[in-house]
Amino acid sequence: MMMSTHSGVNDAWMEVVSSQRQSLLSVDISCSAVTDSGIDLLRDCSSMQSLACNYCDQISESGLVVLSG
């Protein structure tokens with residue numbers, strides 16, 4: 001799911017994205033306003049194989065650790 005082409009992508013959008021759960025394979029939220037809280041919503045998307053979050057200044061390494069297992 002390529003979200004980087006949409007303006008205004010934030011944590012509220014991540015609720016919708018994460019609702020895809022098992023069918024979600026790839027997410028690109030580059031250049032968005034998503035925070036660690038938004039990344040945390042992806043925790044149950046166990047089929048996700050890739051996440052692009054380039055230039056997401058509000059996502060920390062701690063936020064990404066949640067997805068690593």
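Any idea which residue in the range 35-67 is surrounded by the most Cβ atoms within 10 Å (Cβ to Cβ), counting only those that are of a type in the set (A, V, I, L, M) and within 17 Å of Met1 (Cβ to Cβ)?
Pass one, the range 35-67, residues of a type in the set (A, V, I, L, M): 39, 41-42, 48, 51-52, 59, 64-67.
With the extra rule that they be within 17 Å of Met1 (Cβ to Cβ), the set shrinks to 39, 41-42, 48, 51-52, 59, 67.
On the way: Ile39: 26, Leu41: 19, Leu42: 21, Met48: 21, Leu51: 18, Ala52: 15, Ile59: 20, Leu67: 13.
Per the criteria, the residue is Ile39.
Quick one: which helices (runs of 4 or more DSSP H) lie wholly within the chain and hold at least 2 residues that are at pLDDT below 95? Give the derivation first.
Numbers: elements: 11-18, 36-40, 61-65.
In the chain, the matching helices (runs of 4 or more DSSP H) lie at 11-18, 61-65.
Consider only pairs whose beta carbons are under 6 Å apart and that are at least six residues apart or on different chains; among these, list those whose first residue lies in the range 41-69 and is among the aromatic types (Phe, Trp, Tyr) and whose second residue is surrounded by 12 or more Cβ atoms within 10 Å (Cβ to Cβ).
Close Cβ pairs satisfying both conditions: Tyr55/Ser30; Tyr55/Cys31.
What number of residues within the range 1-10 are among the small types (Gly, Ala, Ser) and either under 17 Å from Leu67 (Cα atoms) or open to solvent by 50 Å² or more (accessible area, probe 1.4 Å) (or both)?
To start, the set of residues in the range 1-10 that are among the small types (Gly, Ala, Ser) comprises 4, 7-8.
From the residues that got through so far, the ones that are either under 17 Å from Leu67 (Cα atoms) or open to solvent by 50 Å² or more (accessible area, probe 1.4 Å) (or both) too are 7-8.
Looking only at that region, the number is 2.
How many residues are open to solvent by less than 60 Å² (accessible area, probe 1.4 Å) and touching a Ser or Thr at 6+ places or on another chain (Cβ under 9 Å) when one looks only at the range 11-34?
The initial filter retains those residues of the range 11-34 that are open to solvent by less than 60 Å² (accessible area, probe 1.4 Å), namely 11, 14, 17-18, 24, 26-30, 32-34.
Checking which are touching a Ser or Thr at 6+ places or on another chain (Cβ under 9 Å) leaves us with 11, 14, 24, 26-30, 32.
Residues that pass the stated criteria total 9.
What pairs come out if I take residues in the range 15-34 that are over 16 Å from Gly63 (Cβ atoms) and pair them with residues that are among the aliphatic types (A, V, I, L, M) and part of a loop (DSSP other than H, G, I, E, B) whose C-beta lies under 8 Å away, six or more apart or interchain?
Gln20/Met1; Leu24/Met1; Leu24/Met48; Leu25/Met48; Ser26/Met1; Ser26/Met48; Asp28/Met1; Asp28/Met3
The values are calculated or read from the model by the stated rules, or taken from the named source; none is laboratory data. All values derive from a computational prediction rather than experimental measurement. Here the Cβ is made from the backbone with ideal geometry for all residues, glycine too, and neighbour counts use every protein chain on show. Remember, those area values only see protein heavy atoms, side chains included, never the ligands or the DNA or RNA. Shrake-Rupley method; radii C 1.70, N 1.55, O 1.52, S 1.80 Å.
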